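S.K.: Below you will find the structure I want to go over with you.
Where a number appears in this text, it was derived from the coordinates with a stated rule and is not lab data. Computed from a predicted structure; not experimentally measured. All Cβ positions, glycine included, derive from the backbone under ideal geometry; neighbour counts span all protein chains shown.
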């Protein structure tokens, strides 16, 4: 079993990610996040929001609608340009990205004949109102960016922000991908963490490098090793229609080096198309700001940190599987484990659990041997296990076990919260 298969298996078994609609046969490339997966996702989003919005004075947040006026996508160019070349196999009926095929005429799956390539719009179409008429056509947003652009002037007027400043958003986007796959790496429904950072044209190179540095620091904060990251400047001929410079940050996934994050200089393309402008409060001059856009994918971040954190170690002849998440990222921070189901231990353990629950995301587990419970917590990445043993009621202390080192330390019950705060 290769690493990717192990990650997929662990994700389902432990409640990180489930196949979508599985009891009805599933839906291709549809995934649901389980109890641990949603905690992991939320930890990423909360930390990102705290780091890039709440801890800065130059960025404000916004949340915009999933379905916008279709004129937004007409103005942004998505209706004309947001497409991929598609080819169908006449034999097996599979679809392929024509620009990714070595042989443009032969099916890579069955060897059958391929149709000529045609452009395939990636936006999901829907209808507003009771009838499916062309006048009621709308689209699920394929990116979060346009919601920030069309609200630019309203944000400026309501917050009185001055250049340079940014608008941030975390939210869902939808793309009718031709070739989704590789677990949660490429899906039709996904979340983005994105910033549109508005600047004066002459400052774009300085701001671009600043944001590239910040994105690298975020990757380090996730616990991802630099050796697994590659930063690639996209050649001019391959740039998106709106971009003057784009950098893709690649991660070494088990299935190859693939894009994790992106950083683009979008010039004044978007604001100009939406007739949004800015008045300099000092000079009174009206102009269209330029934009630096750093983009982070939530699901790709989840997958990257799971791959990076997955470790197998030999302990006393057995394989110990550990998810070595950074402590802040771990879905559960503490597990409360009474050594036996005897009443005095259960009562004390439940009391400790209730005391810690308002302060940390905790799990209570009294099933199976203590060794198996340790292994279970290691496998989901819980930093600390608190064991209540037969000495605990008398001595008023417990054993705290560290996931990384497996070392154990006696800590007084009335000092537990302080100890966990300091170590976490």
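S.K.: Within a 10 angstrom radius of the beta carbon, how do 40, 86 rank from fewest other beta carbons to most?
M.R.: 86, 40
S.K.: Find the Cα radius of gyration of the chain, compare it with 2.2 N^0.38 Å by division, and give the number to two decimals.
M.R.: 1.15
S.K.: Which one, 213, 285, 200, has the greatest fluctuation when you compute a Gaussian network model over the chain with C-alpha springs under 10 angstrom?
M.R.: Result: 285 has the largest fluctuation of those listed.
S.K.: Apply 1/(1 + (r/R0)^6) to the Cβ-Cβ distance of residue 42 and residue 105, taking R0 = 35 Å, and write down the FRET efficiency to the nearest 0.05.
M.R.: Calculated transfer efficiency: 0.15.
S.K.: Quick one: go through the stretch 208-251 and flag any residue whose amide nitrogen is under 14 Å from the point 7 Å out along the Cα-to-Cβ line of residue 258.
M.R.: 250-251
S.K.: Rounded to the nearest 0.05, what FRET efficiency do residue 30 and residue 340 give with R0 = 51 Å and r taken as the Cβ-Cβ distance? Could you check?
M.R.: Working from the Cβ atoms, E equals 0.75.
S.K.: When the label point is put 7 Å from the Cα of residue 6 along its Cα-to-beta-carbon vector, which residues of the stretch 246-284 have a backbone N closer than 17 Å?
M.R.: 252-256
S.K.: Let's test the formula: R0 of 45 Å, r as the Cβ-Cβ distance of residue 221 and residue 366. What FRET efficiency results, to the nearest 0.05?
M.R.: 0.80
S.K.: Expected output is a single nm value to one decimal: the length gained when fully extending between residue 280 and residue 113, i.e. 0.36 nm times separation in residues minus the C-alpha distance. What is it?
M.R.: So the extension gain works out to 54.2 nm.
S.K.: What full-extension length gain, to one decimal in nm, is calculated for residue 214 and residue 319 as 0.36 nm per residue of separation minus the Cα-Cα distance?
M.R.: 34.1 nm
S.K.: Per-residue counts of other Cβ atoms within 10 Å, averaged by peptide: what ranking do you get for 220-228, 355-363, highest first?
M.R.: Highest mean packing first, the order is 355-363, 220-228.
S.K.: Taking a temperature of 25 °C and a viscosity of 0.890 mPa s, what whole-number D in µm²/s does Stokes-Einstein yield for the stretch 183-330 with Rh from Kirkwood over alpha carbon pairs?
M.R.: 140
S.K.: Multiply the residue gap between residue 391 and residue 91 by 0.36 nm, knock off their C-alpha separation, and tell me the result in nm, one decimal place.
M.R.: Taking residue 391 through residue 91 to full extension adds about 100.9 nm, to one decimal.
S.K.: For the chain, what is the relative contact order in percent, using Cα pairs closer than 8 Å and at least 6 residues apart in sequence?
M.R.: It rounds to 12 percent for the chain.
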